[in-house]
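The values are calculated or read from the model by the stated rules, or taken from the named source; none is laboratory data. This is a predicted model, so every value here is computed, not measured. Cβ placement follows ideal geometry from the backbone for every residue including glycine, while neighbour counts extend to all protein chains displayed. Side chains included, ligands, DNA and RNA excluded: accessible areas come from the protein's heavy atoms. Shrake-Rupley method; radii C 1.70, N 1.55, O 1.52, S 1.80 Å.
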Amino acid sequence: MPQVNLKKDDVRARAHYFAAFVGGFLGIFPLLSSAGVFGSAQTVNLIEWIFSFLRLDSKGVFFYGIGVFLYAFAVFLATIVNRRCKIDLRYFSIFIDGMAAFVMWKMPEVLPENVSGVVYLYPNFFAMAFQWCAFGGAYGFVSSTIFSTNNLRQAVSSFTEVFCNGKREFMLKAKFFSITILFFHIGVAFSFVLNRFFGNGAFLFVFLPLTAVFFTVRKENGIEN
């Protein structure tokens, strides 16, 4: 198991959990719109982009291509900023998530006929890709805050090691991935309920968990190594 600074990593884990809440909270925006697609997953967009080329669908090539570019550019930007800027990358992610929420609030419920529904995914493509680069995990474990598939695999395999193979050292890993999954889906649930009352304005409530992320990251950075 990885060697960690438990005091600092406990705080880092809390920031990770709050970020997972944000990932779930913002991630369902396209699902609640006419796009009907999970906005944090680029895979479907890439497949549709290839299909558009094969169908000679210039509209699809254009709109899906923008989605690919936004996702790739966010990863490029996060990598550059992380290498060349001394400011914690997670602060940039907090700002970008907030801007994405503002864009979600302002986006129309019905798009013009000549505009593809994939446009609803654009804020997520950029913000969630950047967040994925900024929040990589804790305790030496690599974990995503924008979707749950790998987190579920890691949690199940770790609990299996603990209860079936008797390896108690996997308990920390099991708890970390399980809590990440929990926070992500609590974020989904809160976002869904708030959307029923406030429409797209519900996504502005993300500034509350983003504030928690900010102060938790700040606390972690104040802890001596």
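Assorted remarks:
- Under a 5 Å amide H cut-off, with hydrogens placed 1.01 Å from N, Val115 pairs with nothing among residues at least 5 apart or on other chains.
- The chain: calculated mean residue ellipticity at 222 nm from DSSP helix runs of at least 4, using -39500 (n - 2.57): -23000 deg cm²/dmol
- Helix 43-54 and the longest principal axis of the Cα set of the chain meet at an angle near 30°.
- Met107 accessible area, 1.4 Å probe, all protein chains in place, Å² to nearest 10: 30
- Which of Arg196, Arg12 is most accessible, then next, and so on - probe 1.4 Å: Arg196, Arg12
- FRET efficiency for the Lys7 to Leu56 pair, using the beta carbon distance and R₀ = 45 Å, is estimated at 0.15.
- In the chain, lysine pairs with alpha-carbon atoms under 25 angstrom apart (chain gap of 8 or more, or interchain): 15
- Over all other residues within a Cβ to Cβ distance under 15 Å of Ile146, the charged ones net out to 0, with Lys and Arg as +1 and Asp and Glu as -1.
- For the stretch 107-117, putting each phi into the Karplus relation 6.51 cos²θ - 1.76 cosθ + 1.60 with θ = phi - 60° gives couplings of 5, x, 6, 10, 8, x, 4, 8, 10, 6, x Hz, in residue order, rounded to whole numbers and with x for Gly and Pro.
- In terms of the mean number of neighbouring beta-carbon atoms within 10 Å, the peptides 13-22, 77-86, 178-187 order highest first as 13-22, 178-187, 77-86.
- The stretch 48-90 shape via C-alpha gyration tensor axes, a/c threshold 1.5: prolate
- Taking 0.36 nm per residue of sequence separation and removing the Cα-Cα distance, the Phe163/Arg84 pair yields an extension gain of 24.0 nm.
- Here the 3J(HN,Hα) profile of the stretch 154-166, calculated from phi with Karplus coefficients 6.51, -1.76 and 1.60 at θ = phi - 60°, is 5, 5, 5, 5, 5, 5, 5, 4, 5, 8, 9, 10, x Hz, Gly and Pro shown as x.
- Local electrostatic count at Val118 - Lys and Arg +1, Asp and Glu -1, tallied over other residues with Cβ under 13 Å: -1
- Calculated from backbone phi, Karplus (6.51, -1.76, 1.60) coupling profile of the stretch 6-11 in Hz, x at Gly/Pro: 4, 4, 6, 6, 4, 5
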